[in-house]
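Encoded as structure tokens, the structure appears first; notes follow it.
The values are calculated or read from the model by the stated rules, or taken from the named source; none is laboratory data. Because the structure is predicted, anything quoted here is derived from the model rather than measured. In this analysis, Cβ positions are derived from the backbone assuming ideal geometry, glycine residues included, and neighbour counts consider all displayed protein chains.
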Amino acid sequence: MDNVSNAPSTTGWRAARRRWVKALGRQLMGVVAALFRRQSLIGAQPVFPSDVLPWLAEFETHWPEIRQELEAVLGADIRLPSFHEVSPDQARISTGRNWQVYPFYTFGDAFAPHCKDCPKTAALLAKVPDLRNAMFSILSPRYHIPAHQGPTNGIIRIHLPLVVPRDRERCRIRVDKEYVAWELGKAVVFDDYYEHEVWNDTDDTRVVLFFDVDRPMRPIGRWLNRALIWVFKHTAYIADAKRNLAAHEATARAG
């Protein structure tokens with residue numbers, strides 16, 4: 001019994017391995033990020049105009065239909081997960097019930113129940129080139145998402161605002177040194193490898209359709225980016241998120 005009780009737990013070993021992989025990844029990505037900046041076809045600034053991705057115009061045209069599906073989700077008797085309940089690595093920036101999510105895609109894999117519930121949104125997302133992640137991102141009033149940065153600049157992030165506080169200038173995102181306040185139906189495009197943080201200093205909820213796509217790059221950058229994303233996709237970080245989402249969905253639907 002003593003041998004069993006003194007043995008390192010599987011959970012502890014996995015946590016230590018994850019910390020080691022993340023530290024190694026940060027060092028590697030510093031080198032890769034410089035290459036991706038040189039390979040980029042859209043520049044390397046923190047925030048981009050929405051027309052840098054021409055297909056975004058269709059989302060900006062159809063945002064009212066997407067919002068109708070969002071309203072149906074929010075009106076259903078289903079408990080939405082907090083971001084850290086799906087992805088425990090987000091616990092530093094997602095606390096309590098302040099940041100809820102409704103995922104459609106995780107690293108290129110569709111989450112069928114949510115896509116079925118929101119067919120118009122799913123149909124638009126299905127046409128997006130090199131789509132990696134997508135979700136409704138629901139931010140509570142008076143919540144601040146602390147400064148953080150994504151793991152790679154091989155990904156470009158889009159926020160399509162669907163619900164914006166009345167005092168919208170007090171609900172904003174900082175990307176590096178640039179500040180942007182969301183405006184209904186106007187996509188915000190940014191590189192989340194830059195440090196960024198969010199404030200909702202209002203009494204209203206903010207909701208965006210949040211999605212990630214591959215950065216448009218020349219062939220060498222595109223090939224390396226796809227290889228790295230394949231590696232990310234097969235880590236415990238992604239496997240755990242998918243498992244947590246499926247488990248939460250089963251409980252939510254049953255309840």
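Assorted remarks:
- Within the range 226-255, residues that are within 24 Å of GLN100 (Cβ to Cβ) and modelled with pLDDT under 90 reach partners that are part of a helix (DSSP H, G or I) and among the acidic types (Asp, Glu) with beta carbons closer than 8 Å, at six or more positions or on different chains, in the pairs TYR237/ASP89.
- Taken together, TYR193, TYR179 contain a single residue that is more than 18 Å from PRO103 (Cβ to Cβ) and either assigned to a loop (DSSP other than H, G, I, E, B) or touching a Pro at 6+ places or on another chain (Cβ under 8 Å) (or both), which is TYR193.
- Listed by first and then second residue, the pairs linking a residue in the range 202-216 that is aliphatic (A, V, I, L, M) to a residue that is part of a loop (DSSP other than H, G, I, E, B) and surrounded by fewer than 22 Cβ atoms within 10 Å (Cβ to Cβ), with Cβ atoms under 6 Å apart and 6 or more places separating them unless they lie on different chains, are VAL213/ASP130.
- Residues satisfying the criterion are absent from the range 212-232 (criterion: buried (at least 21 other Cβ atoms within 10 Å of the Cβ), in contact with a Cys (Cβ under 9 Å, 6 or more places away or on another chain) and not hydrophobic (A, V, I, L, M, F, W, C)).
- Where a residue in the range 100-116 is in a helix (DSSP H, G or I) and its partner, wherever it lies, is at pLDDT 95 or above, with Cβ under 7 Å and at least six apart: HIS114/TYR102; HIS114/PRO103; HIS114/PHE104; CYS115/PHE104; CYS115/ALA122
- Test result for GLU183, among the acidic types (Asp, Glu), free of Cβ contacts under 8 Å to residues at least 60 places away in the same chain and either buried (at least 18 other Cβ atoms within 10 Å of the Cβ) or in contact with a helix residue (DSSP H, G or I) (Cβ under 8 Å, 6 or more places away or on another chain) (or both): yes
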